[in-house]
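Since every read-out is calculated from the coordinates, none of them should be taken as a lab result. If you're wondering where the values come from, they're calculated on a predicted model, not measured in any experiment.
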Amino acid sequence: MNTAKRWAALLLGLVLLAGAAAFAWIRYGSAAPAVAAVSASRMGSLAAAGGAAGANPHDPILNQLTEKADQTNARQDTAIEASQTVSGTVSLAASLASQAKPDDTVFVFARPAEGSRMPLAMLRKQVRDLPLRFILDDSTAMSPATRLSQAGRVIVAARVTKSANAAPLSGDLAGHSAPVAVGSKGVTIEINEIVKE
């Protein structure tokens, strides 16, 4: 008997629950599209107003911070690049000008101040390009294994040759700087001597 009463009570509860759900659906379900339409209309108005004044009131500040961060990163990148280069000018001494022709090759290179004499970075130009402003960096490296940025101090040299040979030959015209640190600017080189055997 107790079991039958329990089942009857459970069934009655389910019926009441279903009835309440049906009532809520009939009463509020038909109003849902109107509510949704009003909500959408209000959201559209807010979006339009926000679009006119800026979707986010913090956008100007965020844009300024982003721009400043980009500028800082650019300055840092430039500083890093500058610290890994050697730049300056190369000129040909007037006393040797008659011994060089416009088409003669000019090599400008940096080699370690101590140890190996193999160039770390090199540019190839012609006498007609003199006086020449140069920048040596890892993009002008002779070998991926030996880079200018890995050196501490270097000697920058320039040589005029009538051949395309990077090795010095007797009769070439040459000049070089004193040892300078990688990152140096305004290095001045005058080609003012004749290479002898």
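Principal axis extents of the Cα atoms in region 86-194, from largest to smallest and rounded to whole angstrom, are 38, 26, 22.
Take every pair of alpha-carbon atoms less than 8 Å apart whose residues are at least six positions apart; their mean separation over the length of region 86-194 yields a relative contact order of 35 percent. Only Cα sites of region 139-197 enter the Debye sum here, all with the same form factor; the resulting log10 I(q)/I(0) across q = 0.18, 0.29 1/Å is -0.77, -1.14, listed in q order.
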